[in-house]
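Here's the structure we're looking at; comments come further down.
The values are calculated or read from the model by the stated rules, or taken from the named source; none is laboratory data. Predicted model only: the values in this text are computed from it and were never measured. With ideal geometry, Cβ positions are generated from the backbone for all residues, glycine too; neighbour counts draw on all protein chains shown. Heavy atoms of the whole protein, side chains included, go into the accessibility calculation; ligands, DNA and RNA do not. Shrake-Rupley method; radii C 1.70, N 1.55, O 1.52, S 1.80 Å.
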Amino acid sequence: LFGVPTAVVAAPVAASPPAHALKPQDVAPERIWLDMPPREVVTRSEAAVSEALQDWPKLAAGGGDAVRRILGTVGTVSPVYALRRALQTLAKGDPELLEAAEDLDARLRQADFLGYS
């Protein structure tokens, strides 16, 4: 199976994984944000970033990945994960909003870079 010797595949497992590890998830975590109406994603993203900035020392103490998690570039727990997509949807046919969305995207990429370095 996938190039693994049959003896290894057929070998008994020493310990079973915890029962909760075997339960299937109803919805993939990122679907929560991707299936949400775009305006709600924008509202929740603004709240998530605002909350993070209010408690900046705690967030910064978590390191770059903690910051990037809020920015939606590490993991899918933050609504900012779906913000770009939501803004693109809202900006269709609105050149001013499209320009603002592109500016925000550039700022998110810059913040991500700073969080990564």
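Return the only residue of Leu59, Leu53 being open to solvent by 80 Å² or more (accessible area, probe 1.4 Å) and more than 12 Å from the chain's Cα centre (by Cα).
Numbers: Leu59 fails: open to solvent by 80 Å² or more (accessible area, probe 1.4 Å).
Testing whether each residue is open to solvent by 80 Å² or more (accessible area, probe 1.4 Å) and more than 12 Å from the chain's Cα centre (by Cα) leaves just Leu53.
In the range 86-117, what residues are assigned to a helix (DSSP H, G or I), closer than 14 Å to Arg68 by Cα and open to solvent by 100 Å² or more (accessible area, probe 1.4 Å)?
Passing the criteria: Arg107, Arg109, Gln110, Phe113, Leu114, Tyr116.
Against the conditions (1) open to solvent by 70 Å² or more (accessible area, probe 1.4 Å); (2) assigned to a helix (DSSP H, G or I); (3) modelled with pLDDT under 90; (4) not basic (Lys, Arg), where does Thr43 fall short? Just the number, please.
(3)
Quick one: what pairs do we get from the range 92-107, first residue not polar (S, T, N, Q), second not in a helix (DSSP H, G or I), C-beta under 9 Å, 6+ apart or different chains?
The qualifying pairs are Leu98/Lys92.
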